[in-house]
Amino acid sequence: MKVLIVLIVLIILLMLLPVGIDAGYDGRQAFVGTRIGPKVFWLYPWKSHRFVHKTKKREKTKQEALSSLSKPKKAVKLNINWEEIKAGLDLLVRSVKKLRFRLHHLTLHVVSAFPDPYDTVMAYGCMTAAVNAMGLERLKQADIQLGVDFSADKSEFNGDFSVTIRIYYVLKFGLTMAFGALRLLLAHRKRLKQEQTASALIAGKEG
């Protein structure tokens, strides 16, 4: 009984564990890491030594190349109607809505600078419009600073963000997609079977 209780507690803790991405650019180099709980494992750049095993690709001989070209490619025909496409898109939207991301921080510092002052102003205007459209300036976790520099000829950029999601929501998203896709697949096969039956009846009557 104790083992079962411990197992249930571990599963609950695992479902509540936040996972996510930390990424950014410091003006010289980009960096990307995956976050598991409070710990960040940096994927790029990775300071640890990695042993890369290079595998040589086997080159195709002339005979193999000719034989591969001579084989006719089978055309894949998808018998999908518009209603099924709409149902698939609706499933995707409903599944994505189940995701609950948490933004821990967002930093964006950009100084627009080009040799042409017109380009400098236009770039600054586009950045400001994009930030306002996405509502980034209203986020409490965000530090947005946009500016212009007419004395420089090269723009400056640095920023980073950290976003996480609990495994529970990822699992919920996956199950919703899986069961929804299964229902769509069964409905698709049923429709194809009905169409084949109707075509066979019509062919029988004509014969």
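The values are calculated or read from the model by the stated rules, or taken from the named source; none is laboratory data. Bear in mind the structure is a predicted one, so any value in this text is a computation, not a measurement. Note that we place each Cβ from the backbone using ideal geometry, even for glycine, and neighbour counts take in every protein chain shown.
The table below gives the values:
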quantity	calculated
Residues (free of Cβ contacts under 8 Å to residues at least 12 places away in the same chain and within 24 Å of the chain's Cα centre (by Cα)) located in segment 114-136	Ala130, Asn132, Ala133, Met134, Gly135
Enumeration of residues in segment 150-207 that are outside any helix (DSSP H, G or I), out of contact with any Phe, Trp or Tyr (no Cβ under 9 Å at 6 or more places or on another chain) and within 30 Å of Arg100 (Cβ to Cβ)	Phe161, Ser162, Arg166
Tally of residues being touching a helix residue (DSSP H, G or I) at 6+ places or on another chain (Cβ under 6 Å), of a type outside the set (S, T, N, Q) and more than 24 Å from Gly147 (Cα to Cα) across segment 92-134	3
Pair list, Cβ < 7 Å and 6+ apart or interchain, from segment 89-103 residues that are touching a residue at least 40 places away in the same chain (Cβ under 8 Å) to residues that are part of a loop (DSSP other than H, G, I, E, B)	Leu103/Leu139; Leu103/Gln141
When residues of segment 172-191 are limited to those that are aliphatic (A, V, I, L, M) and either surrounded by 11 or more Cβ atoms within 10 Å (Cβ to Cβ) or more than 19 Å from Asn79 (Cα to Cα) (or both), the one farthest from the chain's Cα centre (by Cα)	Ala187
Residue match in segment 133-146 (condition: on the phi > 0 side of the Ramachandran plot and of a type outside the set (Val, Ile, Thr))	yes
Unique residue being modelled with pLDDT of 90 or more and farther than 30 Å from Lys39 by Cβ when the list is Leu146, Leu201, Leu175, Leu171	Leu146
Test: Asp153 is free of Cβ contacts under 8 Å to residues at least 40 places away in the same chain, out of contact with any helix residue (DSSP H, G or I) (no Cβ under 6 Å at 6 or more places or on another chain), surrounded by 11 or more Cβ atoms within 10 Å (Cβ to Cβ) and among the charged types (D, E, K, R)	no
